[in-house]
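**Student:** One structure coming up, written as structure tokens, with questions to follow.
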Amino acid sequence: MAKNAALDAETLSLVHLAAAVAQGYEPDLRERVSHAFVSKVPVEWVFEMLLQSVLMVGYPRALVGLSVWQAVTSATAPTTDADASYDNVAEWGRRGAALCEQVYGENYAKLRANVRRLHPALDAWMITEGYGRTMARPGLDLLRRELCVIAQTAVLETPRQLHSHLRGALNAGATHAQVEAVLSVVNPLLALDQWTAVKHVWRRVREGREVSE
């Protein structure tokens, strides 16, 4: 795996924190929050990563992450937010579709069809709530968002989502070295068989193959 030097110190600390949120072990989470704070990771980046964590790890761990972040650092959230109400649903749909297509590239239409087959509501939520309301927010660029998602999907052992977001990170401009730096962050958190599975998914992405092949 590539050295962590492929990522700047702030991004590397943010990725470590994202992985800790996915793990949900509070002592490690507190340590990673402290490190992010000392490393001067922009507060806005941290809030955005924690908000988007709802999509990957669910409300319980995202809420714990936000609580620990604020308790350890005394950082306060803004009192208002442009996306706090549902007045922007139409805009979420537009920007969500555009961002999702950027992440999935030539596989975008296939993704939408597959998710609609699972349930049409899920397809709508993915675009409007997932990509439009959450991932397309300002405050954190798409590349760093995708790198954090890679860390969390690797920890959660969700190979199909990991495969998609490994490709998404590359579509967002990540280098192979940057992706491998993220994977090196999660390596110590995984059992040998879990790590072997992650390497297997990454190899298939590099080869341009689907995860189930």
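The values are calculated or read from the model by the stated rules, or taken from the named source; none is laboratory data. Remember, it's a predicted structure, so these values are computed and weren't measured experimentally. When we count neighbours, we look across all protein chains shown, and the Cβ atoms used for this are built from the backbone with ideal geometry, even at glycine.
**Student:** Among the residues of region 18-56, which ones are buried (at least 22 other Cβ atoms within 10 Å of the Cβ), touching a residue at least 60 places away in the same chain (Cβ under 8 Å) and touching a Gly at 6+ places or on another chain (Cβ under 8 Å)?
**Tutor:** Once the filter is applied, which keeps residues that are buried (at least 22 other Cβ atoms within 10 Å of the Cβ), touching a residue at least 60 places away in the same chain (Cβ under 8 Å) and touching a Gly at 6+ places or on another chain (Cβ under 8 Å), region 18-56 yields Val21, Glu48, Ser53.
**Student:** Listed residues Val68, Val64, Val46, Val21; which is part of a helix (DSSP H, G or I), closer than 18 Å to His165 by Cβ and at pLDDT 95 or above?
**Tutor:** Details: Val68 fails: closer than 18 Å to His165 by Cβ; Val64 fails: closer than 18 Å to His165 by Cβ; Val46 fails: closer than 18 Å to His165 by Cβ.
Result: Val21 is the single residue among Val68, Val64, Val46, Val21 that is part of a helix (DSSP H, G or I), closer than 18 Å to His165 by Cβ and at pLDDT 95 or above.
**Student:** Would you confirm whether or not region 103-118 contains a residue that is part of a helix (DSSP H, G or I) and surrounded by 21 or more Cβ atoms within 10 Å (Cβ to Cβ)?
**Tutor:** Yes, because at least one residue in region 103-118 is part of a helix (DSSP H, G or I) and surrounded by 21 or more Cβ atoms within 10 Å (Cβ to Cβ).
**Student:** Mind listing whichever residues of region 163-196 are surrounded by fewer than 17 Cβ atoms within 10 Å (Cβ to Cβ), touching a helix residue (DSSP H, G or I) at 6+ places or on another chain (Cβ under 7 Å) and over 25 Å from Glu10 (Cβ atoms)?
**Tutor:** If the condition is that a residue be surrounded by fewer than 17 Cβ atoms within 10 Å (Cβ to Cβ), touching a helix residue (DSSP H, G or I) at 6+ places or on another chain (Cβ under 7 Å) and over 25 Å from Glu10 (Cβ atoms), then Trp195 is the only one that fits.
**Student:** Would you point out the residue of region 125-136, among those that are crowded, with 18+ Cβ neighbours inside 10 Å and of a type in the set (A, V, I, L, M, F, W, C), that is nearest to Val149 (Cα to Cα)? Steps first, please.
**Tutor:** Going through region 125-136, the residues crowded, with 18+ Cβ neighbours inside 10 Å turn out to be 126-128, 130-136.
Filter again for of a type in the set (A, V, I, L, M, F, W, C), leaving 126-127, 135-136.
Values: Met126: 15, Ile127: 16, Met135: 10, Ala136: 14 Å.
Residue satisfying both the conditions and the ranking: Met135.
**Student:** Next up: Which of the numbered conditions does Gly168 fail, given that it passes all the others? Conditions: (1) assigned to a helix (DSSP H, G or I); (2) over 22 Å from Val21 (Cα atoms).
**Tutor:** Of (1) assigned to a helix (DSSP H, G or I); (2) over 22 Å from Val21 (Cα atoms), only one is false for Gly168: (2).
**Student:** Check whether at least one residue in region 108-116 is among the hydrophobic types (A, V, I, L, M, F, W, C), under 21 Å from Glu146 (Cβ atoms) and without any contact (Cβ under 8 Å) to a residue 40 or more places away in the chain, and report yes or no.
**Tutor:** yes
**Student:** Okay, moving on. Restricting region 1-17 to residues that are assigned to a loop (DSSP other than H, G, I, E, B) and within 18 Å of the chain's Cα centre (by Cα), which is surrounded by the most Cβ atoms within 10 Å (Cβ to Cβ)?
**Tutor:** Leu7
**Student:** Quick one: would you say Leu122 is buried (at least 18 other Cβ atoms within 10 Å of the Cβ) and either aliphatic (A, V, I, L, M) or not in a helix (DSSP H, G or I) (or both)?
**Tutor:** In short, no.
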